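The values are calculated or read from the model by the stated rules, or taken from the named source; none is laboratory data. Values in this document were obtained by computation on a predicted structure and should not be read as measured data. In this analysis, Cβ positions are derived from the backbone assuming ideal geometry, glycine residues included, and neighbour counts consider all displayed protein chains.
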Amino acid sequence: MRNSDINIDTETSVDVRFRLQDIELHGTLKVALNFKARVVVSSLDTEKVRHLPEGYTFNTLQCTSVDGEYTLIDCKYLSGEIYPEFIIKGQFDFEFDTIIVSLFGLSTWFENSRPYKLSNGSLHKDFGYDKFCHEITYLGLKYEIENHTPVR
């Protein structure tokens, strides 16, 4: 896992500091499999955000923790919790047109059609790093799924 990765396979809780409407706040960034990522505002700070309307939305939120910074994008405040649509580990000061998501087993699913080869008396499947690219249409939008050489 690279430093820029956020692992959703296990529950992760990170204590963070952030500013919302010029108010210094503390909370816990929680990321877990099958749960929506969120920042839970510290119980010591809930009084400071009582004025926020339920469903209040904002574009970005910069959070700082001991292990680095996180940028939360397209956020919604609900009952003392902030729900982002996206989380970037680090500062969001760039433009992008690609998001890389590692899905274990997906490459194997695509590679099922690759035949076995007989070499030096043994049968093996050479997965190699041949590129594949499949186009998928979902809800009227087109997406491409492709493999990349692993970054180590």
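Within region 65-76, being surrounded by 13 or more Cβ atoms within 10 Å (Cβ to Cβ) and either under 15 Å from ASP15 (Cα atoms) or over 16 Å from the mean Cα position of the chain (by Cα) (or both) holds for SER65, GLY68, GLU69, TYR70, THR71, LEU72, LYS76. If a residue must be in a strand (DSSP E or B) and either aromatic (Phe, Trp, Tyr) or farther than 12 Å from ILE87 by Cα (or both), how many such residues does region 60-73 contain? Looking only at that region, the number is 4. For region 36-59, a residue qualifies if it is in a strand (DSSP E or B), touching a residue at least 24 places away in the same chain (Cβ under 8 Å) and either surrounded by fewer than 14 Cβ atoms within 10 Å (Cβ to Cβ) or in contact with an Asp or Glu (Cβ under 6 Å, 6 or more places away or on another chain) (or both), and the qualifying residues are LYS36, ARG38, VAL40. Considering every residue within region 2-21, establish whether at least one is at pLDDT below 95, surrounded by 14 or more Cβ atoms within 10 Å (Cβ to Cβ) and not in a strand (DSSP E or B). Yes, the conditions are met somewhere in region 2-21. The selection criterion, being aliphatic (A, V, I, L, M), at pLDDT below 90 and under 19 Å from PHE86 (Cβ atoms), holds for ALA32.
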